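Here is the structure we will look at, set down as structure tokens.
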Amino acid sequence: MAASNSSALLPVLALAGVVFFLVAPAVVAEATAPQGLEFHVGGPRGWRVPDANTSYGWWAMNNRFRVGDHLYFKYANDSVLLVDRTAFDACNTTEPLATFADGATKFVLDRPGFFCFISGKPGHCEEGQRLIVRVMVQPAIVATPGPASAPATSAPQPGHGGGHSSGAATAVAAAAGVAAVAALAVFVSLV
């Protein structure tokens, strides 16, 4: 009699296994998808001509930018120009690849490689208001809370911050784990 119960449950277990193996990868992929981090260029002071304690170059070298992250430029009476490397080196504002003048620009780093930014206000680039970021090939998976900003003191701390991990992604991953354990428990109890 026990053998007939086991054989009747085999199709059900097979179907449950197929559903699990079709759904689980999608759930895990959603849970681990990069969220992208937000970097506040210039920190609380925003995008401006740097002072003696601010270095956009130092800040960029001490952060890791990945595809999907974004830069947030906050400014007044200025602009942000996306330029090629030649224009960056010469502080040439005449032919930017893109111009932003809304005062609160969010720029998505959508590909690996270098992105060059300069101020559109005359003389500001020459005074150091320019930034190059290198975006790494691999997208970010881990998000660390805390601000990422240009150094404001003589001993600033580098960081990847500004981003926040998604609680929903964590919940989805936990649910997938619970479902896997439950399916395994049912399988073991039936065998």
Compute the whole-percent fraction of alpha carbon pairs in region 38-79 spaced more than 16 Å apart. 38
Assuming 0.36 nm per residue, please report the length gained on full extension of the stretch residue 64 to residue 134 beyond their Cα-Cα distance. 24.4 nm
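All of the numbers you see were taken from the coordinates with simple rules; none came from a lab. What you are looking at is a predicted structure, and each value in this text was computed from that prediction instead of being measured.
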